[in-house]
Amino acid sequence: MTGKAKPKKHTAKEIAAKVDAATTNRGGGKAGLKDRSGLEKGGHAKYECPHCKVTAPDIKTMQIHHDSKHPKIPYEEDKIVNLHATLAADTSKSRPGVRGSLKK
Ligand SMILES: [Zn+2]
């Protein structure tokens, strides 16, 4: 027996420092930044139903909405209001009569 079972003593201050190091993320918190800024997700609906002004984030959702709410009206993608395109289309108004040119 050479007295190996010497209990290690930690002061409260040491333990507190270890706990702090283990639980505090010092990486700067950038992980949620994109999420918070909303740049990635856009946040708002893109398409608007021409019949009832309901909005949907994508054309597929709009089609589903149309099928369920307006089954008697033929679904025409041209008539779906693309809110984003409306905002951006002003620069290309020199091309009248172009139909079915919705960006996929
Ligand atoms: Zn609708």
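Restricting attention to the range 21-57, report how many residues are more than 30 Å from TYR75 (Cα to Cα) and either surrounded by 10 or more Cβ atoms within 10 Å (Cβ to Cβ) or modelled with pLDDT under 65 (or both). Residues in the range 21-57 being more than 30 Å from TYR75 (Cα to Cα) and either surrounded by 10 or more Cβ atoms within 10 Å (Cβ to Cβ) or modelled with pLDDT under 65 (or both): 13 in total. For the criterion of being at pLDDT 70 or above and away from the ligand (no atom under 16 Å from the Cβ), LYS93 fails.
The values are calculated or read from the model by the stated rules, or taken from the named source; none is laboratory data. No experiment lies behind these values; they were computed from the predicted model shown. Reconstructed Cβ throughout: ideal geometry from the backbone, glycine too, with neighbour counts over all protein chains shown.
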